[in-house]
1. Out of the residues in the stretch 180-226 that are touching a Ser or Thr at 6+ places or on another chain (Cβ under 6 Å) and not in a strand (DSSP E or B), which is nearest to H39 (Cα to Cα)?
2. Any residue in the stretch 143-172 that is more than 20 Å from T127 (Cβ to Cβ) sitting within a Cβ distance under 7 Å of a residue that is aromatic (F, W, Y)? List the pairs, counting only those 6 or more apart or interchain.
3. Here are the criteria: (1) in a strand (DSSP E or B); (2) exposed (fewer than 13 other Cβ atoms within 10 Å of the Cβ). Tell me which single one K150 does not satisfy.
4. Suppose we filter L61, L38 for residues that are part of a strand (DSSP E or B), of a type outside the set (D, E, K, R) and touching an Asp or Glu at 6+ places or on another chain (Cβ under 6 Å); which single one remains?
5. Scan the stretch 38-78 residue by residue and report those that are out of contact with any His (no Cβ under 6 Å at 6 or more places or on another chain), among the hydrophobic types (A, V, I, L, M, F, W, C) and under 17 Å from F92 (Cβ atoms).
Amino acid sequence: MNPLTALSGLFAVTVLSPGQSAPAPIGQTRTSYHYRLLHANVQIGDASYERVSTATDRRTLLTISETVEGVTLNVVFDSTSKNDGTPEKKVFHGVLGQRPFSSTALFTDAGVDFTIQNAKGEIQKATIKPPPNAVIADASEAWFAGVIPKKGDSVVFTSFNIQTGQWERATTTYVGDEDTKVGKKTMPAHHMHVKSDASEIDMYIDDSADIVVMDQLGVFRMERAD
């Protein structure tokens, strides 16, 4: 669910605090949060998350900055989908050390128009068709944003991983409502388990379907700092 379905690791950039967001135009709702990034319980960076919703679609922007073993990674994940979970556009760009990279996925009836630019500035383009009979709408994106799932409900769909340029099978399961630790306090949240070919993540969201905690196999963790 959300734009993070196929996230193969918690990457990360310059943080936008909630107070920096411009007022949402009429007909839009906007939320934003600041997060800590941790590896083995040690903070390695920061992240910001912003979500803009309209009557027809939902855009989420995850901006991450982290430093591991002296190497800094700045990353932006920008994703837009219809309210039924059908993806419309994904953008992934950033800098690893001093090496920039970027990729864009535009979803069409034919599949994905995929563009990737490497550190040398070389651009490659391709149209990548989904597997036969693939369901690409992630219906779980509507959970707690208009649809209340039952405990144990699952959604199986095919997600395009913009980091690898490949389609992969993904499953999101609503585990139930749980309190989750956020820093030194606990917060009530809805627990989702997200599994794909590339990753396995436990995600905890609030009543607005915004991220409270995202935990990857107990190693990488993103938790709300606001």
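Only the coordinates and a few stated rules stand behind these numbers; no lab work does. As the structure is a prediction and not an experimental result, all values here were calculated from the model. All Cβ positions, even for glycine, are placed from backbone atoms using ideal geometry, and neighbour counts span all protein chains on display.
1. The selected residue is S199.
2. Cβ pairs passing all conditions: W143/Y174; P149/W143; P149/Y174; K151/Y174; G152/Y174; D153/Y174; A170/F157.
3. Looking at each condition in turn, K150 falls short on (1).
4. Details: L38 fails: touching an Asp or Glu at 6+ places or on another chain (Cβ under 6 Å).
Checking each option against the conditions leaves just L61.
5. Step one: filter the stretch 38-78 for residues out of contact with any His (no Cβ under 6 Å at 6 or more places or on another chain), giving 38-47, 49-75, 77-78.
Then drop every residue that is not among the hydrophobic types (A, V, I, L, M, F, W, C), which leaves 38, 40, 42, 44, 47, 52, 55, 61-62, 64, 68, 71, 73, 75, 77.
Within the stretch 38-78, A47, L61, L62, I64, L73, V75, F77 qualify.
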